[in-house]
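Derivation of every value follows stated rules applied to the coordinates shown; laboratory data play no part. Every value quoted in this text rests on a predicted model; they were computed, and no experiment measured them. Here Cβ is always computed from backbone atoms with ideal geometry, including for glycine, and neighbour counts include all displayed protein chains.
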Amino acid sequence: MAFTHTTPMVLHPVPAFSDNYIWILHDNTAAVVVDPGETRGVMDYLSARGLRTEAILVTHHHADHTAGALALREATGARLIAPATEWLGVDAERVHEGSVLSLLGLDWHVLDVPGHTAGHVAYLARSEGLVPHSTQWLFCGDTLFSGGCGRLFEGSPAQMLASLDKLAALPGDTLVCGTHEYTLGNLRFAREADPDNHVLAGWQAHCEDLRQAGQPTLPARLARELDINPFLRVRQPALVQAAQAHSPLAQDDVAVFAALREWKNVFR
Ligand code: ZN
Ligand code: FE
């Protein structure tokens, strides 16, 4: 008989800098820390609960995601895991598309998601085996946010769109754990680009309430993102029309995506 253990997992965002979240997933004994741009709030959280840090995961090389990682490893003895082609010169275990890690009793699947940076990866944590409708957590760094996506610093629009399409194909109940609280700004732009979307209007109102109450808007359910995030909706007629009104050259999926991304860059 198969035995399925169902340890409840706790997901906690540690706020850092002006709008970063350092995600901690733990089972009350061991923890995984994602993108520690600093150590202070993270160490406080871990030691207050007596958590052993099993691993530190890095999604991409930017300092707001990495600057605390070495000190945190030093302090905890945790494994340090980083993308195969980024944040080089650091002694870390390297992962890429197809790598699978076993942490906290979960399988962590690595996805290559180039675009924000060239070697950006995402981590999808889920229990394997016969656990229908179990939660899965997507730690996607600066690739996907609620209502938006990361800026294209190193990748092309075609690469970023392919990365977002890959994430969009994950199960709808996936919890999207992006690294920045950009939601309200993203949703203001989304309303401009997709003004008749009532699900979007409802999510915006809800997120305004959350922020008013000092609560994070993340994690966000992927199924909702498919309904509201313009960068996951570049094939929807409303978004195609809006992109073309803004940039007449937006004649295919990639060009619509590029036009929306550039429009967002200058949107106030
Ligand atoms: Zn970044
Ligand atoms: Fe960042």
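Okay, here's what the table says:
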quantity	calculated
Gyration tensor (alpha-carbon) shape descriptor, the range 10-266, a/c threshold 1.5	prolate
Net dipole in debye of the chain [+1 Lys, Arg Cβ; -1 Asp, Glu Cβ; about Cα centre; nearest 20]	260 debye
Residue order, fewest to most surrounding Cβ atoms within 10 angstrom, among H198, H65, H180	H198, H180, H65
Rough spin-label spacing in nm, given labels placed 7 Å along Cα→Cβ, for A71 and N265	3.3 nm
Long-range amide H partners of V95 with built H, under 5 Å	A82, A84
Fraction of antiparallel bridges per DSSP, the chain only, in percent to nearest 5	65 percent
Relative contact order of the range 10-266, pairs being alpha-carbon contacts under 8 Å that are 6 or more residues apart, as %	13 percent
Cα gyration tensor, the range 73-179 - rounded (a/c under 1.5), prolate or oblate	oblate
Trypsin sites (Lys or Arg not before Pro) within the range 150-208, DSSP loop, no more than 15 other Cβ atoms inside 10 Å	R151
